[in-house]
Amino acid sequence: MQNVGSVYLTRKLPDPALQYLKESCALKLWNEEQTPVPRDVLLKQIDQVEGIYCTLSDKIDREIISSSPNLRVISTMSVGYDHIDVQFAREQGIKVTYTPGVLTETTADLAFTLLMSTSRRIFEANRSIYEGKWKGWAPLFMAGRDIYGAKLGIVGMGRIGQAMVRRAKGFNMKISYYSRSRKKEMEQQEGITYKPLEVLLQESDFISLHLPGNSDTYHLIDTKELALMKPTAILINTARGSVVNEKALLAALQEDRIRGAGLDVFEREPVDPKHPLLALPNVLALPHIGSASVETRFKMAMIAAEDLVKGLQGETPQYEVTES
Ligand code: NAP
Ligand code: GLV
């Protein structure tokens, strides 16, 4: 393939995607898989590039975009694009591409894993063996809450929210949802019920968040919302850390105002290992691995690479961000 332009890649990718980019572009890259490119390095490397291939840990803000006068395409290996100033990019005529859909089922699997593990206290129970706390069978030892037939409230009925519905139906859960717009056809087809957020929070045994991170959803779950939840309720967040006020969540958990939380995302990532939320036995924390299956990550890496190349060739990318 001909060279479609100069590109900076902010992370070492798995090979098919990396090879494809090497063959299609004049490629410069941060040759590390685990650690993000430092901002000062990124700023120095992008001054002449036409394309940036980034991940969700790279903040592609006005300063970065403005330092790259030839920039034409930003492609992120993620469905979330809250790390990119999309509005500013679009004002400069720069296309932004992302990877929706391909990671939907994998992320819903992880959200449901968090739901099941927190309700049945899987990690507490596992640790209890190593800590010598298992003295023998006891009526309420490590007793959790039922999932089968329980009430699930889904906040954000998009691709991943809908994938949660498919899983929850297998567990005969009573499903309600809150979203920006009502999905009346889905309500009929799937037997799910729309509820205002306040009502959903009051009634649900599990609340699972599936919204984008942005100024509208910032701290959507705060002290007031947590106070509405049942003391037996569990909050699952695989959306973005910014959707939940972590200080308010910590207080609610410490004061037993809710039962537990399963968190794949945090307000600041990577989360400080000393963060007080992590010390609570009823919090199951994961390092932002929602889409982390080998199959899905390979697909995401390739989709983002192909769309970057398409954009640089002047073709319409498969997945261009149209909302900011
Ligand atoms: P999506 O299909 O765009 O769904 C998002 C849903 O949220 C949409 O249904 C949308 O509303 C709703 N929504 C948006 N703003 C809202 C608001 N202010 N109030 C109420 N509802 C609102 O996105 P998706 O593919 O399901 O992904 C959702 C998010 O999950 C991503 O943006 C990303 O942040 C996160 N994510 C995390 C991981 C992980 O590794 N943990 C992996 C993948 C995705 P309407 O349809 O009702 O208009
Ligand atoms: C993961 O959080 C993503 O947005 O892809």
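The values are calculated or read from the model by the stated rules, or taken from the named source; none is laboratory data. In this text, all values refer to a predicted model and were calculated from it rather than measured experimentally. Neighbour counts run over all protein chains shown; Cβ positions are idealised from the backbone, glycine included. Keep in mind that these areas ignore ligands, DNA and RNA; they rest on the heavy atoms of the full protein, side chains included. Shrake-Rupley method; radii C 1.70, N 1.55, O 1.52, S 1.80 Å.
Report, ordered by chain and residue number, the aspartates and glutamates lying within cross-link reach of residue 133, taken as a straight Cα distance under 17 Å and ignoring same-chain residues fewer than 8 apart.
Qualifying aspartates and glutamates at Cα under 17 Å: 124.
With a ≥ b ≥ c taken as the square roots of the eigenvalues of the C-alpha gyration tensor of the range 8-77, please select rounded if a/c is under 1.5 and otherwise prolate if a/b is larger than b/c or oblate if it is not?
It comes out oblate by the Cα gyration axes.
Out of the total accessible area of the range 27-172 (probe 1.4 Å, heavy atoms of protein only), what percent is carbon and sulfur?
Working: 3790 of 7360 Å².
Of the solvent-accessible surface of the range 27-172, carbon and sulfur hold 52 percent.
Considering Cα pairs under 8 angstrom that are at least six residues apart, work out the relative contact order of the range 104-285 and quote it in whole percent.
Details: 316 pairs, mean separation 38.1, N = 182.
It rounds to 21 percent for the range 104-285.
Once you put a point 7 Å from the Cα of residue 59 and another 7 Å from the Cα of residue 133, both along the Cβ direction, what distance in nm separates them?
According to this spin-label approximation, the distance is 3.8 nm.
For a quick protection proxy, order the peptides 20-29, 124-133 by their average other-Cβ count within 10 Å, most packed first.
Working: 20-29: 17.7, 124-133: 11.9.
Listed from highest to lowest mean packing, they are 20-29, 124-133.
Where does each of 135-142, 172-179, 313-320 land if you order them by average Cβ count within 10 Å, highest first? Don't jump to the answer; show the numbers that get you there.
Working: 135-142: 8.0, 172-179: 19.6, 313-320: 14.1.
Ranking the peptides 135-142, 172-179, 313-320 by packing returns 172-179, 313-320, 135-142.
Using a 7 Å offset from the Cα along the Cα-to-Cβ direction at both residue 171 and residue 256, what is the distance between the two label points in nm, to one decimal?
Reported label-point gap for residue 171 and residue 256 is 2.4 nm.
Any idea which of 118, 88, 101 is furthest toward the positive side of the dipole for the range 64-138, if Lys and Arg beta-carbons carry +1 and Asp and Glu beta-carbons -1?
Going by the charge dipole, the pick is 118.
So if R0 is 35 Å, what FRET efficiency would residue 215 and residue 295 give, r being the distance between their Cβ atoms, rounded to the nearest 0.05?
Working: r = 34 Å, r/R0 = 0.96.
Efficiency for this residue pair is about 0.55.
Enter the accessible area per residue of the chain (Å², integer; probe 1.4 Å; all protein chains in place). Mind dumping the intermediate values first?
Numbers: 15990 Å² over 324 residues.
Value returned for the chain: 49 Å² of accessible area per residue.
At what distance in angstrom do the alpha carbon centres of the range 160-239 and the range 296-311 lie from each other?
31
So if I place +1 on the C-beta of Lys and Arg and -1 on the C-beta of Asp and Glu, and nothing else carries charge, what would the dipole magnitude of the chain be about its Cα centre? I want it in debye, nearest 20. Write down the numbers at each step before the final one.
On the way: 39 positive and 40 negative charges, 184 e Å.
Rounded to the nearest 20 debye, it is 880 debye.
Where a Cα-Cα gap under 17 Å defines reach, which aspartates and glutamates qualify for residue 230, not counting those fewer than 8 residues away within the same chain?
146, 198, 203, 205, 222, 255, 256
How far is helix 15-24 tilted, in degrees, relative to the longest principal axis of the Cα atoms in the chain, given as a value from 0 to 90 rounded to the nearest 10?
Relative to the chain, helix 15-24 is tipped by roughly 30 degrees.
Run the quick spin-label model on residue 275 and residue 185: label points 7 Å from Cα toward the beta carbon, then report their separation in nm to one decimal.
Result for the modelled spin labels: 3.8 nm.
Taking amide H positions as placed in the peptide plane 1.01 Å from N, state which residues far from residue 29 in sequence (5 or more) or on other chains have amide H under 5 Å from it.
Sorted by chain and number, the residues that satisfy this are 9.
Each residue of the range 292-301 in turn: what ³J(HN,Hα) in whole Hz from Karplus with 6.51, -1.76, 1.60 and θ = phi - 60°, glycine and Pro shown as x?
7, 10, 4, 4, 5, 5, 5, 5, 4, 4
Remind me, relative contact order of the chain in percent, using alpha carbon pairs under 8 angstrom and six or more residues apart? Spell out each step's value before the answer.
Values: 610 pairs, mean separation 61.1, N = 324.
Rounded, it is 19 percent for the chain.
For the range 67-78, take each phi angle, set θ = phi - 60°, evaluate the Karplus expression 6.51 cos²θ - 1.76 cosθ + 1.60, and give the result in whole Hz per residue in order, putting x for glycine and proline.
Residue by residue, the range 67-78 yields 7, 10, x, 8, 5, 10, 9, 10, 10, 10, 8, 6 Hz.
From the cross-link list 22/299; 151/183; 44/310, which pairs have alpha carbons spaced over 21 Å apart? List each step's numbers first, then the result.
Working: 22/299 17 Å; 151/183 19 Å; 44/310 25 Å.
Among 22/299; 151/183; 44/310, the Cα-Cα distance tops 21 Å for 44/310.
Reachable lysines from residue 224, Cα under 16 Å, same-chain residues fewer than 8 places away excluded?
247
With θ set to phi - 60° and the Karplus curve 6.51 cos²θ - 1.76 cosθ + 1.60, what are the ³J(HN,Hα) couplings of the range 212-225 in order, to the nearest whole Hz, using x for Gly and Pro?
Running phi through 6.51 cos²θ - 1.76 cosθ + 1.60 with θ = phi - 60° gives x, x, 6, 5, 6, 9, 4, 6, 4, 9, 10, 3, 4, 5 Hz.
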